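**Student:** First the structure, then my questions, so here it is.
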Amino acid sequence: MGSTSGSPSGTAVSSDGGKRQCPSWRYWLKIKAADPSALLAVALLVVFGYLIAGPVVLLLGDAIQVQFAEQMRTGLPQGAFTTYYFERALFSPVARDIFWVPLFNTLSVAAGAIVIALLVGAPLGWLLSRTDLPGKRWFSTALIVPYMLPSWTFALAWNTLFKNRTTGGSPSWMESLGFAPPDWLAYGQLPITLILALHYAPFVILLFGNALRQFDVQLEDAARIQGAGRFHVARRIVLPLMLPSLVSACTLIFAKCLGDFGVAYILGVPVRYDVLATSLFRAISSSQAGMSAVLAGTIVLLGAISILIDMRLLREASRFQTIGGKGAMARPTRLGRFAPLATSWALLVFLISAAIPLTALALTTVMRMPGVFTLDNFTLDFWIGHNLNTTALRQGILLTPDFWWATFNTIWIVGTAALGAGFLGLLVGIAVARSPLKIAGTLLRYLTFLPYLVPGIAFAAAYLSMFAVPRGPVPALYGTSLILVLAILADQMPFASRAGISAMMQLGKDPEESARIVGAGWWRRLVSIVVPIQKGALVSGVLLPFISGIKGLSLVVVLAVPGTDLLTTYAIRLVDYGYTQASNAVVLMICVIAFFGTVGVQRLTKSSLSDGLGNK
């Protein structure tokens, strides 16, 4: 065969005048090697079909198949079709305790958290975006601090302040001051609801505040000229146009509350106040695979419905447009004599939601007896002490090998998962933006978003169902670090893939076409052109999953074992032992990493969570 010459890259015209043509398969391979985006999309579909869709489908399948332990009860062989688990969850004598009560508790906690978050967050969003609030720049960052930290941090702080003799262990600050908090204050629905509301109130501040900032005040002026009062303008004009941001905040809070495990575990389990997440954890701990599948499937269904409602509403976004081509006017409202009252309100929310809990945690780690403020009660024993008067923790945590082993595990397991998620996210962006197979790109976009619909503990149950036993050439992975790496990687793909897709959508094809004309292959174009241009998006796609993975508990609490402990699971283990000061010290270390990691990401990407509020 003659050599190809004098033809553009990717063609197959031979030097003998086209009398001898390249075989069709070689021509196809040559074309695909020059632009393998279609092959890349198909390969990624296979990878994420295995890592994301496979575990979820397998988990849901467990709900209708007889498990090994229930063969005697059902009288059916393992793997046979059954409705036994649904009947047990919905209609059996134990249905109330394992399904209906946790379901009611979950919905009531989520509803309460949404209402409180709206009452706290909406006024703050208005103050930060539409008024001349004193200290607005500082408050716009300070009020978002609770969301930068793990939600269960504040549950530990509540425990430190209000717990009573129901759980034993070290006394709380209230007990040391002579006050015995009742159970309804120390544990259960009230503290869980309050903590989740204050933790997720930044959603309302950010979404509602940013939407208000884009609102054209000329609409309000027009209504006032017609004689409408302030209340009428707010009720008939402002709030209806803010509906998408409020609904988005509510659905996000609802979805997060569904899968939040840590807060309910610390403040609910001691008094047997179960939500779906803790009921699922109890079913997994007692090896009830079928019941786990029913409970996890319920959480997935509720989470998916809430997100789909939000997506459907946003599809009708044209009804709520407030920005047109005529320009808009933004005029801050002068607070006048109400400025001190508004500032006090913002400061009070910051103190309750961040400053007081973190201060209580920090002080407890240097007190022998929590809540006793005498000089001889302060000590550094729980950080660097020796021969502590405890059974399982004889040294301060900084001298304990288990702490450093958990730190090492956290960095390498979460770091590896974050690196993988960032790189795969960029590849997803290339496949979606460049692939001629539009259907593959669309499927890839939805598939990588699927983990966002599945709360963390349900996703962990899905991975347990998939990798607890050998499947084909893949051995059982439970108890290994690899299952944590894969689960965290898959769980973080919604963030990483969105970063990659948005970055590649903004990158034109000209730089790659130029390199292609001079003979650069696909890999060379990726390494020398795409990655350098998109390094900012790649850094975001790595660091954001890293920070989220470090503070996440719901996903890893089911999959980690003592040999693969992360800092989060190590802290929960100390809570189980009743070592309050030591667990608070570990949590403080997690908070430090998460906070400074978030600040570092904002510096690297020159962005801010509070952009659009008081920083401009």
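**Student:** How large is ³J(HN,Hα) for each residue in segment 480-494, as worked out from phi by the Karplus curve 6.51 cos²θ - 1.76 cosθ + 1.60 (θ = phi - 60°), to whole Hz, x for Gly and Pro?
**Tutor:** The phi angles translate into 9, 6, 4, 5, 5, 4, 5, 5, 5, 4, 5, 5, 8, 5, x Hz.
**Student:** Between Arg137 and Lys535, what is the spin-label point distance in nm, taking each point 7 Å from the Cα along the Cα→C-beta axis?
**Tutor:** The two pseudo-label positions are separated by 3.0 nm.
**Student:** List the residues whose amide H sits under 5 Å from the amide H of Thr333, counting only those 5 or more places along or on another chain, with H placed 1.01 Å from N in the peptide plane.
**Tutor:** Thr131, Asp132
**Student:** Then there's this: Given charges of +1 on the Cβ of Lys and Arg and -1 on the Cβ of Asp and Glu, with all other atoms neutral, how large is the dipole of the chain about its Cα centre, in debye to the nearest 20?
**Tutor:** The dipole of the chain has a size of about 1780 debye.
**Student:** Under the 0.36 nm per residue contour assumption, what length would be gained going from the current alpha-carbon distance of Val101 and Val561 to full extension?
**Tutor:** Working: separation 460, 0.36 × 460 = 165.60 nm, distance 2.92 nm.
Working it through step by step, the gained length comes to 162.7 nm.
**Student:** Within the chain, how many Lys pairs that are eight or more residues apart, or on different chains, come under 23 Å at the alpha-carbon?
**Tutor:** Number of lysine pairs found: 14.
**Student:** Quick one: which residues, 5+ away or cross-chain, put their amide H under 5 Å from the amide H of Ala560? H built at 1.01 Å from N.
**Tutor:** The answer is none.
**Student:** Return the long-range amide H neighbours of Met367 (sequence gap of 5 or more, or a different chain), with a cut-off of under 5 Å between placed amide H atoms.
**Tutor:** Under 5 Å from the amide H of Met367 lie the amide H atoms of Thr379, each far enough along the sequence or on another chain.
**Student:** With a 1.4 Å probe and every protein chain kept in, tell me what percent of the accessible surface of segment 434-520 is carbon plus sulfur.
**Tutor:** On the way: 2490 of 3800 Å².
On segment 434-520, the fraction of accessible area on carbon and sulfur atoms equals 65 percent.
**Student:** To continue, here is another question. Which one of Leu566, Leu482, Ala515 has its Cα pushed farthest toward the positive end of the charge dipole of segment 422-572, where Lys and Arg give +1 and Asp and Glu give -1 at the Cβ?
**Tutor:** Checked the options; the winner is Ala515.
**Student:** Pop a pseudo-label 7 angstrom from the Cα along the beta-carbon direction at both Thr480 and Gln226 and give the gap in nm to one decimal.
**Tutor:** 6.7 nm
**Student:** Among His386, His232, His199, what's the order by accessible area (1.4 angstrom probe), most exposed first? Each step should come with its number before you reach the end.
**Tutor:** Working: His386 115, His232 80, His199 10 Å².
Largest accessible area first, the residues go His386, His232, His199.
**Student:** Name the residues of segment 142-168 whose amide N is less than 15 Å from a point 7 angstrom out from the Cα of Ser285 along the C-beta direction?
**Tutor:** 167
**Student:** For segment 32-190, which whole percent of the accessible surface, found with a 1.4 angstrom probe, sits on carbon and sulfur atoms? Before the final figure, lay out each step's value.
**Tutor:** Values: 5030 of 7060 Å².
Percent of accessible area from carbon and sulfur atoms in segment 32-190: 71.
**Student:** Express the Stokes-Einstein translational diffusion coefficient of segment 69-188 in µm² s⁻¹, to the nearest whole number, given a Kirkwood radius over alpha-carbon pairs, 25 °C and a viscosity of 0.890 mPa s. Please report the intermediate quantities before stating the final value.
**Tutor:** Numbers: Rh = 19.3 Å.
It comes out at roughly 127 µm²/s.
**Student:** About the Cα centre, and with charges only on the beta carbon of Lys, Arg (+1) and Asp, Glu (-1), how big is the dipole of segment 342-449? Nearest 20 debye, please.
**Tutor:** 600 debye
**Student:** How many percent of all Cα-Cα pairs in the chain sit more than 47 Å apart?
**Tutor:** Summing the P(r) tail past 47 Å for the chain gives 23 percent.
**Student:** Determine ³J(HN,Hα), in whole Hz, for all residues of segment 169-183 in sequence, where each value follows from phi through the Karplus function 6.51 cos²θ - 1.76 cosθ + 1.60 and θ = phi - 60°; x replaces Gly and Pro.
**Tutor:** Taking θ as phi minus 60°, the curve returns x, 5, x, 7, 4, 5, 5, 5, 8, x, 10, 9, x, x, 4 Hz for segment 169-183.
**Student:** Picking from Val557, Ile430, Val587, whose Cα lies most toward the positive end of the charge dipole for the chain (charges on Cβ: Lys, Arg +1; Asp, Glu -1)?
**Tutor:** Ile430
**Student:** From the phi of every residue in segment 232-240, what ³J(HN,Hα) in whole Hz does the Karplus formula 6.51 cos²θ - 1.76 cosθ + 1.60 yield, where θ is phi - 60° and glycine or proline is x?
**Tutor:** 5, 4, 5, 6, 9, 10, 5, 4, x
**Student:** Let me ask you something else. With labels modelled as points extended 7 Å from the Cα through the Cβ direction, what inter-label distance (nm, one decimal) is found for Ala111 paired with Val469?
**Tutor:** The answer from the label model is 4.0 nm.
**Student:** Can I ask one more? So what is the accessible area of the chain per residue, in Å², with the probe set to 1.4 Å?
**Tutor:** 46 Å²
**Student:** Would you please name the trypsin sites (Lys or Arg not before Pro) within segment 505-590 that are DSSP coil residues with at most 10 other C-beta atoms within 10 Å of their C-beta?
**Tutor:** When the trypsin sites (Lys or Arg not before Pro) of segment 505-590 are filtered for loop state and at most 10 Cβ neighbours within 10 Å, Lys509 remain.
**Student:** Can you list the chymotrypsin sites (Phe, Trp or Tyr not before Pro) in segment 122-214 that are in a DSSP coil and have 16 or fewer other beta carbons within 10 angstrom?
**Tutor:** Qualifying residues, ordered by number: Phe179.
**Student:** What's the extension gain from Leu301 to Leu398 if we count 0.36 nm per residue and subtract their Cα-Cα distance?
**Tutor:** 30.7 nm is the gain from fully extending Leu301 to Leu398.
**Student:** Using 0.36 nm per residue of separation minus the Cα-Cα distance, give me the extension gain between Asp183 and Val217 in nm, one decimal.
**Tutor:** Full extension from Asp183 to Val217 adds 7.4 nm.
**Student:** Suppose only helical runs count, i.e. DSSP H with n ≥ 4. What mean residue ellipticity at 222 nm does that imply for the chain under -39500 (n - 2.57) per run, divided by all residues and rounded to the nearest 500 deg cm²/dmol? Each step should come with its number before you reach the end.
**Tutor:** Values: 33 runs with 379 residues, N = 616.
Estimated from H runs of four or more residues: -19000 deg cm²/dmol.
The values are calculated or read from the model by the stated rules, or taken from the named source; none is laboratory data. What you see is a predicted model; the values in this text were computed from it and never measured. Here Cβ is always computed from backbone atoms with ideal geometry, including for glycine, and neighbour counts include all displayed protein chains. Remember, those area values only see protein heavy atoms, side chains included, never the ligands or the DNA or RNA. Shrake-Rupley method; radii C 1.70, N 1.55, O 1.52, S 1.80 Å.
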